[in-house]
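See below for the structure under consideration.
The values are calculated or read from the model by the stated rules, or taken from the named source; none is laboratory data. Computed from a predicted model, the values in this text were never measured in an experiment. All Cβ positions, even for glycine, are placed from backbone atoms using ideal geometry, and neighbour counts span all protein chains on display. Keep in mind that these areas ignore ligands, DNA and RNA; they rest on the heavy atoms of the full protein, side chains included. Shrake-Rupley method; radii C 1.70, N 1.55, O 1.52, S 1.80 Å.
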Amino acid sequence: MKKILLHACCGPCTTAPLPALRAEGIEPVAFFHNPNIHPFREFRRRLNAFVDFAARGKMAIEIDREYGLVEYLRKVVGREGKRCRLCYEMRLTATAVRAKELGLDTISTTLLYSRYQKHELIRRAGEEIAAAHGLCFLYRDWRELWQEGIERAITMNLYRQPYCGCIYSEQERYDKKLRRRLAAERRQSAATTEAPAAENAARI
Ligand code: SF4
């Protein structure tokens, strides 16, 4: 059986991948490492929701409790146009390093569950980072479980965040003027591949 460290972006996005993996006979260890979640109280709220879900789901976890605002900004400032790719790489690299420390041979991520993330970018980053660390990347397209996961999170009364995570995505969620400008830019350049992960209008 594969020994998987499953990067978990939050509790709600883990509610569907966990039973899907268990149905395959895989019992993952879930790893919360998300320097992209801001501000601090939001980070703490999502972390608490993740711990709550893990306890109720009897899921083994590893947690990085450090608030990673500075780490995230050092990576992204001046490269905002590529921020989601950098963000995925940051989190998946930390997952690969922790998997090696734990003696696990495979990594994956609950980001593959989200309809609002850049799925192919995540897949590519995961495969490259896993290979660079001598690990396997378990790819699954969990987006088809989107509604099921939402319903489970609601039933469990888990905190469901209204924006992706970073301070940029928070502005994109609430600043109507910015949203209009981004929508116009998107219409002009529909083929842009490195635009931010959705504008995260929907609650996850
Ligand atoms: S929008 Fe989401 S995926 Fe993109 S950089 Fe911000 S937190 Fe990361």
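Summary table below
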read-out: Only one of Arg98, Arg83 that is within 15 Å of the chain's Cα centre (by Cα) and touching a residue at least 60 places away in the same chain (Cβ under 8 Å); value: Arg83
read-out: Residues being under 15 Å from the mean Cα position of the chain (by Cα) and open to solvent by 50 Å² or more (accessible area, probe 1.4 Å) - total across region 123-138; value: 2
read-out: Residue check for Gln147: at pLDDT below 95 and open to solvent by 30 Å² or more (accessible area, probe 1.4 Å); value: no
read-out: Test: residue in region 4-21 that is open to solvent by 60 Å² or more (accessible area, probe 1.4 Å) and outside any helix (DSSP H, G or I); value: no
read-out: In region 150-167, the residues that are among the charged types (D, E, K, R) and either away from the ligand (no atom under 16 Å from the Cβ) or surrounded by 20 or more Cβ atoms within 10 Å (Cβ to Cβ) (or both); value: Glu151, Arg152
read-out: Within region 35-52, tally of residues that are out of contact with any Pro (no Cβ under 8 Å at 6 or more places or on another chain) and away from the ligand (no atom under 12 Å from the Cβ); value: 10
read-out: Where Asn157 falls short, out of the listed (1) part of a loop (DSSP other than H, G, I, E, B); (2) closer than 20 Å to Arg83 by Cα; value: (2)
read-out: Residue list for region 81-106, filter: more than 11 Å from the ligand (Cβ to nearest atom), in a helix (DSSP H, G or I) and within 17 Å of Arg123 (Cα to Cα); value: Leu92, Thr93, Ala94, Thr95, Ala96
read-out: Selection count where residues are within 11 Å of the ligand (Cβ to nearest atom), open to solvent by 50 Å² or more (accessible area, probe 1.4 Å) and touching a residue at least 40 places away in the same chain (Cβ under 8 Å), scope region 56-80; value: 1
read-out: Test for Thr93: is it surrounded by 15 or more Cβ atoms within 10 Å (Cβ to Cβ), among the β-branched types (Val, Ile, Thr) and farther than 25 Å from Glu148 by Cβ; value: yes
